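What follows is a single structure, written as structure tokens, with notes after it.
The values are calculated or read from the model by the stated rules, or taken from the named source; none is laboratory data. In this text, all values refer to a predicted model and were calculated from it rather than measured experimentally. A quick note on method: Cβ atoms are made from the backbone with ideal geometry, for glycine too, and the neighbour counts reach across all protein chains shown.
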């Protein structure tokens with residue numbers, strides 16, 4: 001890996017299996033399906049590209065936000081968080097072995113929150129077997145677990161939004177020693 005330390009803004013939108021906004025309760029919630037995430041770079045020459053991360057590098061998650069795409073002004077539930085995101089890291093190998101994970105709790109929609117989470121996939125044991133790879137990389141991808149959830153307060157939800165599809169988008173500000181496009185271009 002090149003000796004760089006980069007700051008990146010990335011985003012992903014987990015599939016919520018057609019979550020329709022309603023005004024039925026003070027805490028409407030849904031868990032995402034277990035799934036690989038298409039983590040997209042949001043700026044620079046490679047903006048819009050899906051990313052892999054390097055197992056041998058520390059990943060600092062500095063800030064995070066949940067955008068309420070299509071539902072401006074959506075409020076957090078009366079009790080709890082707008083989002084509890086449980087993310088697993090999987091080696092990009094035939095067996096997709098575990099490389100660790102992290103959990104983020106986000107109080108409200110559309111606001112940045114400092115989380116300062118430090119993820120060290122290289123400390124996960126047993127280490128993934130990258131021997132099937134013919135290159136020097138030890139990439140991993142992010143997946144989201146259905147153990148997390150997204151929630152909102154449906155009370156007084158604008159009638160303009162009731163019945164509309166909802167898919168939250170998570171934006172993270174990261175700091176790490178480089179990321180790869182899925183074509184292994186170092187960014």
Those residues of segment 154-185 which are part of a loop (DSSP other than H, G, I, E, B) and either in contact with a strand residue (DSSP E or B) (Cβ under 8 Å, 6 or more places away or on another chain) or modelled with pLDDT of 95 or more (or both) amount to 154, 163, 164, 167, 168, 177, 178, 182, 184
Looking at 78, 74, 89 in this structure, which one is part of a loop (DSSP other than H, G, I, E, B) and either modelled with pLDDT of 95 or more or surrounded by 17 or more Cβ atoms within 10 Å (Cβ to Cβ) (or both)? 74
Among the residues of segment 34-54, the number that are part of a strand (DSSP E or B) and touching a residue at least 60 places away in the same chain (Cβ under 8 Å) is 8
What number of residues within segment 13-22 are part of a loop (DSSP other than H, G, I, E, B) and either touching a helix residue (DSSP H, G or I) at 6+ places or on another chain (Cβ under 6 Å) or crowded, with 17+ Cβ neighbours inside 10 Å (or both)? 2
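A quick yes/no check of all residues on (1) farther than 18 Å from residue 144 by Cα; (2) touching a residue at least 40 places away in the same chain (Cβ under 8 Å); (3) in a loop (DSSP other than H, G, I, E, B); (4) in contact with a strand residue (DSSP E or B) (Cβ under 9 Å, 6 or more places away or on another chain):
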site: 8; (1), (2), (3), (4): yes, yes, no, yes
site: 11; (1), (2), (3), (4): no, yes, no, yes
site: 56; (1), (2), (3), (4): yes, yes, yes, no
site: 62; (1), (2), (3), (4): yes, yes, no, yes
site: 66; (1), (2), (3), (4): no, yes, no, yes
Go through the residues of segment 46-63 one by one and say whether even a single one is closer than 23 Å to residue 81 by Cβ and touching a helix residue (DSSP H, G or I) at 6+ places or on another chain (Cβ under 9 Å). yes
